[in-house]
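Please read the structure below before turning to the comments.
The values are calculated or read from the model by the stated rules, or taken from the named source; none is laboratory data. A quick note: this is a predicted structure, and the numbers were derived from the prediction, not measured. Here the Cβ positions follow ideal geometry from the backbone for every residue, glycine too, while neighbour counts run over all protein chains shown.
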């Protein structure tokens, strides 16, 4: 009886429905269990309950039987039940269907109630934990789903945008300045080719020089036949190749940075341009020409006639090629000015005008008693010298320039000084010409190589400043000097009226060359010794009956005369101050005895 009462008590204590607290907790959370997980009581019959093992219980809405079940081992009168395909957890009472059997028999009913309460608490806690886990998993899954949906939406939008141009050029693509965006490849090719033909027919380049069209280049001359296929194929690439994102980024970039290309690229056709430029260069190129003294007109007050400098030109064809190639590639028509590089000449007229100045000018007075033949001989000698140009480093020779003093060469017989005597000779007067040239050369700063003094004084200059010449064979005497400057020396020699006395003549020589600036040269001579005159006269037989005829006659033709020794110097002045004194020559003029002519014939 006692055993039966215990069994009845146990049956009365076993719930026929899920505990109310479990139901209330599940309803209060209002969340379904996580995916693949079912929690609660297993239904006992087809009316909302399903048999699982030896235990029947309720199933939460939305959950059901998922296949064969496994039951756990007996644990304190309860066992876990789990699904093979899912994870349905709950407590199932141990024993046969419709009855409950305890593992241990308590001595009293109170301990059994406590065990049941503990079991219920465990169930509730497990249910709460399961619900919390389900909530967290659901939130994570919902967020992931939202991200995936947004990404999928973005991808579909990109595909849609790109898809509009699957068979079209993307906006922002230009060929030859033509916008191909929205065109099919066939449309683009037809349009570009038509534009090429129109441009070829209209294209030209005028090469202009100094305002005049020098040459015209046309497309037909270059044989331009443009095939746009390669350029169009390259223009097709932007937006059509790469990953989805790369294509999309390219499409966006084309809005800000358009793609541009040109169909007419210079290749072998440019040889025509090269030939044209080579011919133009041949015609235009020239070396620079220095300014020069074209003529020295000694008869003019300003004797120099200059030729102006001429700039040289060099056409840089490489620069022109670059410009023309670009115009071909872009089919740009227009005018191209040919501008050669200017080559500056080394010598300009302004430089020459500063360089060629008067270096010296000297004159000697012609004696008023000088016969006309003598004067003509001076003129003839000067005519040989007038306009003569002595180049740098070259020597001047009076005898070579003037030539042989003979009647054949136009010289006349006149009084000349020979061996201390005034005698008639062809070319008399040449020594005055040579003396004047000598003094001009000294004052021009030239280097004297040869010079000879007379044996006695002359009327047209001082002792030590004369220069005698002779072309007599075996007794040659010359005047020679060197141009030591860096520029030519020009001679002007003439017989003109004396500025101070129009009734007299002067022999004048002017030398032109590099400007001396603040430098001036002068010729001076100084007496260094006097030689007494001989006391005894010199008797000369007058065989020619020039002065006397008979032996009892005599005539003094010259008095006794002292002799002299002179030194000559070239003085250099800078800004009027003597800076150099160079000794040139020491000349000895021998003393002369009185000359008396006596007759040689006896009287009858």
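Observations on the structure shown:
- Considering the stretch 162-194, and only residues there that are in a strand (DSSP E or B) and in contact with a strand residue (DSSP E or B) (Cβ under 6 Å, 6 or more places away or on another chain), the residue that is surrounded by the most Cβ atoms within 10 Å (Cβ to Cβ) turns out to be 173.
- Boolean, residue 564 is at pLDDT 95 or above, closer than 30 Å to residue 392 by Cα, touching a strand residue (DSSP E or B) at 6+ places or on another chain (Cβ under 6 Å) and surrounded by 14 or more Cβ atoms within 10 Å (Cβ to Cβ): no
- Identity of the residue in the stretch 553-570, closer than 27 Å to residue 529 by Cα and either assigned to a loop (DSSP other than H, G, I, E, B) or in the same structural domain as residue 445 (by TED's automatic domain parsing) (or both), that ends up nearest to the chain's Cα centre (by Cα): 562
- Subset of the stretch 497-520 that is over 60 Å from the mean Cα position of the chain (by Cα) and in contact (Cβ under 8 Å) with a residue 40 or more places away in the chain - its residue that is farthest from residue 461 (Cα to Cα): 503
- Residue list for the stretch 272-312, filter: modelled with pLDDT of 90 or more, in contact with a helix residue (DSSP H, G or I) (Cβ under 7 Å, 6 or more places away or on another chain) and buried (at least 17 other Cβ atoms within 10 Å of the Cβ): 277, 281, 291, 309
- The condition of being assigned by TED's automatic domain parsing to the domain that holds residue 406, in contact with a helix residue (DSSP H, G or I) (Cβ under 6 Å, 6 or more places away or on another chain) and either crowded, with 19+ Cβ neighbours inside 10 Å or at pLDDT 95 or above (or both) holds for only one of 471, 478, that being 478.
- Failed item in (1) more than 31 Å from the chain's Cα centre (by Cα); (2) within 30 Å of residue 340 (Cβ to Cβ), with residue 194 passing the rest: (2)
- The set of residues in the stretch 300-340 being touching a strand residue (DSSP E or B) at 6+ places or on another chain (Cβ under 6 Å), in a loop (DSSP other than H, G, I, E, B) and touching a residue at least 60 places away in the same chain (Cβ under 8 Å) consists of 303, 333, 338.
- Of all residues in the stretch 288-299, those satisfying the criterion of being in contact with a strand residue (DSSP E or B) (Cβ under 8 Å, 6 or more places away or on another chain), farther than 17 Å from residue 384 by Cα and in a loop (DSSP other than H, G, I, E, B) are 288, 291.
Okay, residues lined up against (1) modelled with pLDDT under 95; (2) touching a helix residue (DSSP H, G or I) at 6+ places or on another chain (Cβ under 6 Å):
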site: 177; (1), (2): yes, no
site: 183; (1), (2): no, no
site: 190; (1), (2): yes, no
site: 200; (1), (2): yes, yes
site: 210; (1), (2): yes, no
site: 213; (1), (2): yes, no
site: 223; (1), (2): yes, no
site: 228; (1), (2): yes, yes
site: 231; (1), (2): yes, no
